1. Show that you can apply the helix-only estimate: for the chain, add -39,500 (n - 2.57) for every DSSP H stretch of four or more residues, divide by all residues, and state [θ] at 222 nm to the nearest 500.
2. Please report, in debye to the nearest 20, how large the charge dipole of segment 28-155 is about its Cα centre when each Lys and Arg carries +1 at its beta carbon and each Asp and Glu carries -1 there.
3. On the accessible surface of segment 119-192, probed at 1.4 Å, how many percent belong to carbon and sulfur atoms?
4. Run the numbers on segment 105-183 and let me know its relative contact order in percent, using alpha-carbon pairs under 8 Å that are six or more apart.
5. Take every DSSP beta bridge with both residues inside segment 86-184 and express the antiparallel ones as a percent of the total, to the nearest 5.
6. Applying a 10 Å radius around every beta-carbon, put 133-143, 158-168 in order of their mean neighbour count, most first.
7. Can you work out the PRE-style zone for Lys49? Point 7 Å along Cα to Cβ, and I want the residues of segment 71-85 with backbone N under 19 Å.
8. Give the separation of the Cα centroids, segment 60-76 to segment 94-160, in Å.
Amino acid sequence: MKELEDRIRKDGIVREGNVLKVDNFLNHQCDVSLYDQMGAEWARLFEGKRIDKILTIETSGIGIACVASQHFGSVPVVFARKTESTNLDGEQYRTEIRSFTKNRVYNVIVAKRFLNPGEHVIIIDDFLAMGCALNGLLEICDEAGVVVEGIGIAIEKGFQPGGKELRERGYQVESLAIVDSMDPETGDIVFA
Ligand code: 5GP
């Protein structure tokens, strides 16, 4: 999506360790108008699919998913919560997710009452890198018995394996910007 690529070129900061900082518009200060264009683009890409709910993960996915929902008939947005608690509650789906940026493991939960067997879901998130966050959400979807119609990502780092693996497993992954390479010294970002 050209608008997103242009904004990444303008405001994205390439950090050591393959981290792209986009907190000026995507995941700290939020450009709602850009979110809206992203939502419209996912609606186009997933056109014709039945979507009952959008699943995302806190924190950065929530705003993006809520704005996108308005392009899918304002379907409910469910976000997986990151929690310190290891409390084994039968009313929650629960999995572990390794964070690429923070290099730690989170417990992640979704209340069972918000994902019902047979519902059709798309998953939306800000970044796709190694695929750990997505794999955790997909495990929860599997356990819940929902149908995953697709995965909408704002920025995929195409030089990391997450996106390729998910596509090989048959998921429709729609990333609005795919970064092929980025250089922390020059700040250069090349898109696919
Ligand atoms: P994965 O689980 O696919 O390795 O990474 C996805 C999650 O890690 C995203 O939800 C995002 O929060 C974070 N993440 C991964 N790479 C980056 C990055 O380059 N920049 C930022 N800001 N977040 C990232």
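1. Dividing the helical sum by the residues of the chain leaves -8500 deg cm²/dmol.
2. Its charge dipole is roughly 140 debye.
3. Here it works out to 45 percent.
4. 31
5. If I count the DSSP bridges inside segment 86-184, around 35 percent turn out antiparallel.
6. 133-143, 158-168
7. Answer for this model: 71-80.
8. Using only Cα atoms to place each centre, the spacing works out to 16 Å.
The values are calculated or read from the model by the stated rules, or taken from the named source; none is laboratory data. The structure presented is a predicted model; accordingly, all values stated were derived computationally and were not measured. Quick reminder, even Gly has a Cβ in these numbers, built from the backbone with ideal geometry, and neighbours come from all protein chains shown. To get the accessible areas, we keep the full protein, side chains included, count just its heavy atoms, and leave off ligands, DNA and RNA. Shrake-Rupley method; radii C 1.70, N 1.55, O 1.52, S 1.80 Å.
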